[in-house]
Amino acid sequence: MLTKIYGSAVFGVEATTITVEVNIDKGIGYHLVGLPDNAIKESNYRIAAALQNNGYKIPGKKITINMAPADMRKEGSAYDLTLALGILSASSQIKSTEIEKYIIMGEISLDGSLQPIKGALPIAIKAKEEGFVGFILPKENAREAAIVSGLKVYGVANITEVINFFDKGTPLEETIIDTRAEFYKSLDFPEFDFSDVKGQESIKRCMEIAAAGGHNIILIGPPGAGKTMLAKRLPSILPPMTLHEALETTKIHSVVGKIKNMGLMNQRPFRSPHHTISDVALVGGGAYPQPGEISLSHNGVLFLDELPEFKRGVLEVMRQPLEDREVTISRARFTVTYPSSFMLVASMNPSPSGYFNDPDAPVTSSPAEMQRYLSKVSGPLLDRIDIHIEVTPVPFEKLSDERKGEGSVAIRKRVTAARELQTIRFTELENIHYNAQMNTKQIRLYCKLDDASKALLKNAMERLNLSARAYDRILKVARTIADLDAADHIVGDHISEAIQYRSLDREGWLG
């Protein structure tokens, strides 16, 4: 007897429906075809034990299973439940005319319980697009899949529940969530708040500007100055995610299995990989491509602590994603693309010892050692960082001050207002949403200076020996400062403040 049952495969952040054809005939044997990987090939052992422990069995006949399309490689253990139900249906151990109306996925333990899968959200989206009635999957993934409206989602704990649903009509509990209620939940209660920061008013101002314009930023300062603490609080002042951004971000995290029981992500992600990370782990890839840290940071913040300690090759592979805001991974048989629109926040010590320019600490690094240390960060990468700011340690008087500083919610209101001005400004431009994304042509159009501001910028570049690459960066940051002031035009004060944020372009830092 031939039975068709449906599962799904995830490539990149999109799903493809897989048709599992199970045929049982006279003879002996178990043949699984359609480019399955080892995890799928081993499924017959898990399925046999699970069925045996729940009062069913794999028939002693010739079983042929085809996973179509047969030229697409399938991987992972999430097809266990699909294959098991296909075998039971083809061997008439369960009788149902409804089984073809559902996408069915789940890894089976030997006792028949179901383990969570990866990619439940993109699978649910595809199931709805293709007109399936429902999606049956492990209970841990049910809230994630239920984000998709118009699709019945049933989270189950054991294979017996699924068998009884199809064979005996025993109802399953449908998982229903209010997507908009999930989205607006806890939006105004960030985990890390700027009110906890003592002192550092100039750095907080700098972070506000970076958030308002979407500018990449690097913090330079000695150990213990608060660089990491400040970076962790940056997501709390970014504009709230739109529902579209939340769905897009949740989909990426679903692919790597990080959404168990969470539902919709409504907080911008903050990723902080260790400096020993490989280029594949950062950008994405592998034999079966998975999103890397830069894609997991999509619509949020990627924080690279101790930037010069990262391998140069790892940093260089970020250059293209920083420009294109997506990562394309090519293999011989397929190509996948992951979105990677994130804010880069990096931190570094000013010297190998960490105490360069600190009057209270001895300089223990020679000029040659400092040059080697600073040269680990390439010029092309720095070209993509708009703001450089020096962070100094907070004096005891401010550390011991009991008064709380301005909170993240208040700062975020100003940032959001500035972003709204940019949205209006770039309405007619494709793929430009905030100031950091402007190219040279748009900078000339939207960052015009009066004669006094031009003279001020020229004088600063000559006196501070600023490099040519600093020119456009200063104009973009000045445009953001003007937006925070709700000013139509850039004036001298905006230029003066923007010039302060180019520390690494000054003579004596990088050459």
Over every pair of different alpha-carbon atoms in the stretch 106-181, take the mean of 1/r and invert it; report that Kirkwood radius in Å. 12.6
Short version: ³J(HN,Hα) in whole Hz for each residue of the stretch 438-447, in order, from phi by Karplus 6.51 cos²θ - 1.76 cosθ + 1.60 (θ = phi - 60°), x for Gly and Pro, what are they? 5, 9, 4, 4, 6, 4, 5, 7, 9, 10
Taking θ = phi - 60°, what integer Hz values does the Karplus form 6.51 cos²θ - 1.76 cosθ + 1.60 yield along the stretch 171-184, in sequence order, with x for Gly and Pro? x, 9, 7, 6, 8, 10, 10, 8, 4, 5, 5, 4, 5, 7
Relative to the longest principal axis of the C-alpha atoms of the chain, give the angle of the C-alpha long axis of helix 243-255, reported between 0 and 90° and rounded to the nearest 10°. 60
Pairwise centroid distance, computed over Cα atoms, of the stretch 301-350 with the stretch 399-474, Å: 23
Restricting things to Cα coordinates, could you compute the convex hull volume per residue of the stretch 184-339 in Å³? 132
In nm², the average projected area of the convex hull spanned by the Cα atoms of the stretch 76-214 is 12.4
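In what sequence, largest accessible area first, do Y184, Y30, Y373 appear using a 1.4 Å probe?
Accessible-area ranking of Y184, Y30, Y373, largest first: Y184, Y30, Y373.
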Name the residues whose placed amide hydrogens come within less than 5 Å of the amide hydrogen of V13, ignoring near sequence neighbours (fewer than 5 apart) on the same chain. T337
Note on the chain: contact order normalised by length, alpha-carbon pairs under 8 Å, 6 or more apart, percent, works out to 13
For the stretch 180-255, state the average projected area of the convex hull of the C-alpha atoms over all orientations, rounded to one decimal in nm². 6.4
For the chain, size of Cβ-based charge dipole, Lys and Arg +1, Asp and Glu -1, in debye: 880
Accessible surface ranking that places the most exposed of R271, R319 first, with a 1.4 angstrom probe: R319, R271
For F165, F342, give the ranking by accessible area with the largest first, probe 1.4 Å. F165, F342
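Output the relative contact order of the stretch 1-157, whole-number percent, from Cα pairs under 8 angstrom with separation of 6+ residues. Provide the component values of the computation, followed by the final result.
On the way: 339 pairs, mean separation 39.0, N = 157.
That works out to 25 percent.
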Once you have the alpha carbon radius of gyration of the stretch 1-128, what is it after dividing by 2.2 N^0.38 Å, with N set to its residue count? 0.98
Placed amide H near F426: partners under 5 Å, 5+ positions off or other chain: none
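Once the other residues with Cβ under 15 Å from the Cβ of A49 are scored (Lys, Arg +1; Asp, Glu -1), what is the net sum? Working shown, then result.
Values: positive: R46, K57; negative: E42, D80, E107, D111.
Neighbour charge sum, excluding A49 itself: -2.
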Can you flag which of K118/K413; K232/K398; K126/K260; K4/K128; K227/K413; K4/K61 are past 29 Å Cα-Cα? K118/K413
Give the accessible surface of the stretch 282-357 per residue, rounded to a whole number of Å², with probe radius 1.4 Å and ligands, DNA and RNA excluded. 36
For I424, the net charge from surrounding residues (Cβ-Cβ under 13 Å; K, R +1; D, E -1) works out to -2
Using alpha-carbon coordinates, inclination of helix 201-213 to the longest axis of the chain, degrees: 50
Sort 201-214, 294-307 by the packing proxy (mean of other Cβ within 10 Å over each peptide's residues), most packed first. 294-307, 201-214
The stretch 381-511: Cα Rg divided by the 2.2 N^0.38 Å rule of thumb: 1.19
What are the ³J(HN,Hα) values, in whole Hz, obtained from phi via the Karplus relation 6.51 cos²θ - 1.76 cosθ + 1.60 with θ = phi - 60°, for each residue of the stretch 277-293 in sequence order, with x given for Gly and Pro? 4, 8, 5, 5, 5, 6, 8, x, x, x, 4, 10, x, 10, x, x, 4
Positive-pole candidate from I424, A478, L464, dipole of the stretch 417-511, charges at beta carbon: L464
With all protein chains modelled, accessible area of K118 [1.4 Å, Å²]: 120
MRE, 222 nm, helices only [DSSP H, n ≥ 4, -39500 (n - 2.57), over the chain, to nearest 500]: -10000 deg cm²/dmol
Which distance in Å, rounded to a whole number, links the C-alpha centroids of the stretch 191-231 and the stretch 153-173? 51
Round to a whole angstrom and tell me the spacing of the C-alpha centers of the stretch 44-91 and the stretch 252-272. 30
Once neighbouring chains are kept in place and the probe is 1.4 Å, which whole percent of the accessible area of the stretch 193-338 is contributed by carbon and sulfur? 50
Quick one: pull the percent of accessible area on the stretch 58-111 belonging to carbon and sulfur, 1.4 Å probe, ligands and nucleic acids left out. 49
Rolling a 1.4 angstrom probe over the protein heavy atoms, how many square angstrom per residue are accessible across the stretch 181-250? 34
Roughly how tilted is helix 43-52, in degrees to the nearest 10 and between 0 and 90, from the longest Cα axis of the chain? 50
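The values are calculated or read from the model by the stated rules, or taken from the named source; none is laboratory data. For clarity, every value in this text was computed on a predicted model and none was experimentally measured. Here Cβ is always computed from backbone atoms with ideal geometry, including for glycine, and neighbour counts include all displayed protein chains. Heavy atoms of the whole protein, side chains included, go into the accessibility calculation; ligands, DNA and RNA do not. Shrake-Rupley method; radii C 1.70, N 1.55, O 1.52, S 1.80 Å.
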